[in-house]
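Written below as structure tokens is the structure these notes are about.
Just so it is clear, none of the values below were taken in a lab; they were calculated from the coordinates. Bear in mind that the values here come from a model prediction, so they are computed numbers and not experimental data. Positions of Cβ are backbone-derived with ideal geometry, glycine not excepted, and every protein chain shown enters the neighbour counts.
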Amino acid sequence: MKDKKRYEPHPETLALLTASGNSINGVGEAAARQASPFFWHPPELHPFGALQNLARQSSRRCPGAGPAFQAAYNHPELTPVAEQHPERSPEEFSAELRAFALEHEADAVGIAAMDPLYVFQGYEIEEPWVIVLALAHDYERLRQVPSDETNGAGVTDIGEQYARGTRAAFALANWIRAQGYTAKAYPGPAANALLLIPPAIASGLGELGKHGSMISPQFGSGFRLAGVTTDMPLAATAPVRFGGDEFCATCQICTVECPPEAITEQKQMVRGVERWYVDFDKCIPYFAERASCGICIAVCPWTRPEVRPKLLKTMARRSAVATDTGSEVSAEGGLEVIERIWESLD
């Protein structure tokens, strides 16, 4: 990990930020609504096309990054839907689906009922179920972000996980279609109709972290997502609470390590939900100039393989104490945990 330095965006980069992404994202809005098309959508749908191009050009300068990301855009055609399907219960279909996905590059699988708020404004999704796949990073490569012209390991690993997500999502969609049901694939990094983080949380893949990415009890913040929608009858997987949100309330590691200081200490109201939110207008100029970023997810204590098991045990113990006493866990208690984590990072 490179040392943090005070960051000031180039004037020409700031000139490309022609609108506030925070306003488009709905920061401060008390009413729930669908998300507006945004970064990584087609540029005619938002005002950040020039910044997208800068980000792509910057990342492609890194050794190995170009082929890795190109592979994320290469996918097979969707096969025709079979005319007949086997008789299975939703639970049986879900078990078979999960087994197939895990055998075809996915590292974790969640299933959630479709919600209109999972769909970007101006798009439509007709399928009633969404399957979310998690693709885990190689931690030792991820921690070498941000990348540059001499070391592209970090950004290349990001591209490779997106490519795995593409292959896994299309493989699963075609397997479902072979069973006689409609299925569509929604991999990254290019955005489409489907938001991925909300159904990933609803389906039990993790909790939202202060850095705006998810935290998984299996992978910390070191993973990417891909989605599949379908009308196959399925059984939803349940959301999980393991202490990630509570930990973020007192942890300051990603906040301190973020060069553009885009990660705030408190949750904010965003389209009717109080949640963690990263300041787009501060984050994206750095992201675009530095060949993507990923610092916040790499430094997250949950992402460190040797730290995560200790954190899970600590947060489970704190939760048990709070349940037994019927009290809330104090901020002071949280700070004691943070101090021990800081010591382990030295």
Where only alpha carbons of segment 23-81 are counted, the Rg and the Dmax (Å): 16.3, 44
20 °C / 1.002 mPa s Stokes-Einstein diffusion coefficient of segment 58-110, Kirkwood radius on C-alpha pairs, µm²/s: 147
What is the order of SER292, SER221, fewest Cβ neighbours within 10 Å to most? SER292, SER221
Lone cysteines in the chain, going by a 4.7 Å Cβ-Cβ cut-off? CYS62, CYS248, CYS251, CYS258, CYS283, CYS293, CYS300
Computed from every Cα-Cα pair in segment 134-280, P(r) in 5 Å bins starting at 0 and rounded to whole percents is 2, 9, 14, 19, 21, 16, 10, 6, 3, 1, 0
As a test of understanding, state the convex hull volume per residue of segment 87-149 from its alpha carbons, in Å³. 158
Just to confirm the filter: which GluC sites (Glu not before Pro) across segment 96-132 are DSSP coil and have at most 12 other Cβ within 10 angstrom of their Cβ? GLU124, GLU126
Using the per-residue mean of other Cβ atoms lying within 10 Å as a proxy for protection, in what order, highest first, do the peptides 187-197, 38-48 fall? 187-197, 38-48
The chain: proportion of alpha-carbon pairs further apart than 36 angstrom, %: 20
Hey, what did the chain get for relative contact order, percent, Cα under 8 Å, at least 6 apart? 24
Can you tell me the order of 59-68, 154-163, 25-34 when each peptide is scored by its average per-residue count of other Cβ atoms within 10 angstrom, highest first? 154-163, 59-68, 25-34
